[in-house]
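Since every read-out is calculated from the coordinates, none of them should be taken as a lab result. The model shown is predicted, which means the values in this text are computed figures rather than measured ones. Note that we place each Cβ from the backbone using ideal geometry, even for glycine, and neighbour counts take in every protein chain shown.
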Amino acid sequence: MKTLSVIGSTGSIGVQTLQVAAERGYRVAGLAAGRSADALEQQILQVRPRVAALYDETAGKVLAQKLKGVCDTQILWGEAGVCAVAALEESDLVVNAAVGISGLRPTVAALEAGKNLALANKESLVCAGDIVNALATEKGLAILPVDSEHNAIFQCLQGSREEEVERLIITASGGPFFGKKAHEIADMGPKEALKHPSWSMGAKITVDSSTMMNKGFEMIEAMHLFHVRPEQIDVVVHRESIVHSLVEFRDGSVLAQLSPPDMRLPIQYAVDYPARQYAPRKRLDLPALAKLTFFAPDEETFPAMKLCREVMERGGNLGAAVNGANEVAVAAFLAGKIPFGKIYPTVELAARSVPFLQSPTLEDIFETDRLVRAAATSML
Ligand code: MG
């Protein structure tokens, strides 16, 4: 029986992780959430973890008072509280499903405490991939990908050697604006951007999927997870979200991982790894699907992917700059302050306004994040 800590437990991936843990009979020792106090309270009463934390300090203190005498769970708050959950002594595996750069400190805290990581927080690698990888290597720990594409690649790579891999092919749904041109979508608002064709996800990642920034981030994530060069990573648009990604080997053979879209599958594979266990999920019905389609991505209409290729080439603090600017721009878009067409220009301009550092420390990464947020905010 494994013992887990779940960071970002009230988000879409966090909730599904708790479902998988319940199905598999895993113990959950720690839960951490950002601001959703009511949802966290419900989870605490259901799961009864030893420790739980809320990133929001005020709400965390209120929750601690409220649960005093009601249950034995120790309630913490703030960044330190969330990091304490990531470092809990009794957990075998930390599932980090936080959204944004707020997941980076818990990632570092988990690795420093010697915990293997099931990583859904792609921003940890986008912002600080070199630092996170170096720490995992130093401690001899595994970073198991939960992101469906990377989990698919990870599955395809089982039993192969690094030098046998020629190319990683990441599939993209194309988001709700697939096939549209820039002028047709410039004025779109959150309602249109949140209509994802195949996956039901949180609002932030759904918007990132509509700009293709999510796919750009996933290329960066793949480079760090699988130790490949930028030119070994390709993206193909696949509207049906059945093929979750592919690996091409040096003999020309291509392996793919297929399943109906359901995040519980990659979550379970990461949590159960290296075992593969029974799961009560919908099975693939190929005749019912009849056909699967593939298209080249439109990098002119969705330039976020080009910017992320530059991040892969240049490294340094550019990933943190792009991510921080994107977090601000997407929040402004979701709040109705800017239209769709203003997201990308804001991100690029703000990201380029921050001084480039080739070998940033972890604190440089957080400073870059602060600077780029101020720059992006001033542009709105
Ligand atoms: Mg993904």
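Just a few scattered comments:
- For the stretch 266-308, the square roots a ≥ b ≥ c of the C-alpha gyration tensor eigenvalues yield an a/c of 1.5 or more together with a/b not exceeding b/c, which makes the shape oblate.
- Centroid-to-centroid, using Cα positions, the stretch 143-180 and the stretch 243-286 are 10 Å apart.
- For residue 236, residues with placed amide H under 5 Å, excluding near neighbours: 170, 171, 172
- For the stretch 162-268, the share of alpha carbon pairs falling in successive 10 Å distance bins from zero is 13, 42, 32, 11, 1 percent.
- A DSSP coil position with no more than 15 other Cβ atoms inside 10 Å describes the following GluC sites (Glu not before Pro) in the stretch 76-133: 89, 90.
- Protection proxy ranking, peptides 93-101, 37-45, average beta carbon neighbours within 10 Å, highest first: 93-101, 37-45
- Sequence-distant contacts, meaning Cα pairs under 8 Å at least 6 residues apart, place the relative contact order of the stretch 3-145 at 23 percent.
- With N the number of residues in the chain, Rg(Cα) / (2.2 N^0.38 Å) evaluates to 0.95.
- A simple rule links phi to the HN-Hα coupling: the Karplus curve 6.51 cos²θ - 1.76 cosθ + 1.60 with θ = phi - 60°, which for the stretch 330-347 gives 5, 4, 5, 5, 5, 7, x, 7, 9, x, 3, x, 9, 4, 5, x, 4, 4 Hz, with x for Gly and Pro.
- The stretch 170-219: GluC sites (Glu not before Pro) in DSSP coil with no more than 14 other Cβ atoms inside 10 Å: none
- Oblate is the label for the stretch 43-199. Its Cα gyration tensor axes, ordered a ≥ b ≥ c, give a/c of at least 1.5 and b/c at or above a/b.
- Restricting the trypsin sites (Lys or Arg not before Pro) of the stretch 85-166 to loop positions (DSSP other than H, G, I, E, B) with no more than 12 neighbouring Cβ atoms within 10 Å leaves 161.
- Zone residues, the stretch 61-80, relative to residue 377, backbone N less than 19 Å from point 7 Å out along Cα-to-Cβ: 79
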